[in-house]
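Reviewing the structure listed below.
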Amino acid sequence: MIRIVRSPSGVQVDPTGKLAGRGAYLHNLRSCWERGLKGTLAGALKCEFTIEERERLIAFAASMPDGELA
């Protein structure tokens, strides 16, 4: 599971899982990130993504392996 955090400095991937702020978790599969970026992730973080944040998260998701959860 990979943590994404919303903090005063914006939304970012939290590889340590220790950054302060409102967090949400996604599996390390591209399909989970694609579903999350359609709106459920923003809802969990209670925010709207800026264009830069969305692009950064999409770029990170592109590095994830393809696949579906069983």
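No lab work stands behind these numbers, since they all come straight from the coordinates. Only a predicted model underlies this, so the values are computations on that prediction, with no experimental measurement involved. Here Cβ is always computed from backbone atoms with ideal geometry, including for glycine, and neighbour counts include all displayed protein chains.
Give the residues of the stretch 14-57 that are in a loop (DSSP other than H, G, I, E, B), in contact (Cβ under 8 Å) with a residue 24 or more places away in the chain and of a type in the set (S, T, N, Q), sorted by residue number. Spell out how you get there, then give the answer.
As a first pass, look at the stretch 14-57 and keep what is in a loop (DSSP other than H, G, I, E, B): 15-21, 27-29, 46-50.
Add one more test, that the residue is in contact (Cβ under 8 Å) with a residue 24 or more places away in the chain, and what stays is 27-29, 46-47, 49-50.
Listed by number, the residues that qualify are Asn28, Thr50.
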Margin query: Every residue in the stretch 1-53 that is more than 11 Å from the chain's Cα centre (by Cα) and of a type in the set (A, V, I, L, M), please.
Written below: Leu19, Ala20, Leu29, Ile51
Check: Any idea which of (1) within 15 Å of Met1 (Cα to Cα); (2) hydrophobic (A, V, I, L, M, F, W, C); (3) touching an Asp or Glu at 6+ places or on another chain (Cβ under 8 Å) is the one Leu41 doesn't satisfy?
Finding: (3)
Item checked: Residue, farthest from the chain's Cα centre (by Cα), within the stretch 58-70, restricted to residues that are within 20 Å of Pro15 (Cα to Cα) and without any contact (Cβ under 8 Å) to a residue 12 or more places away in the chain -> Ser63
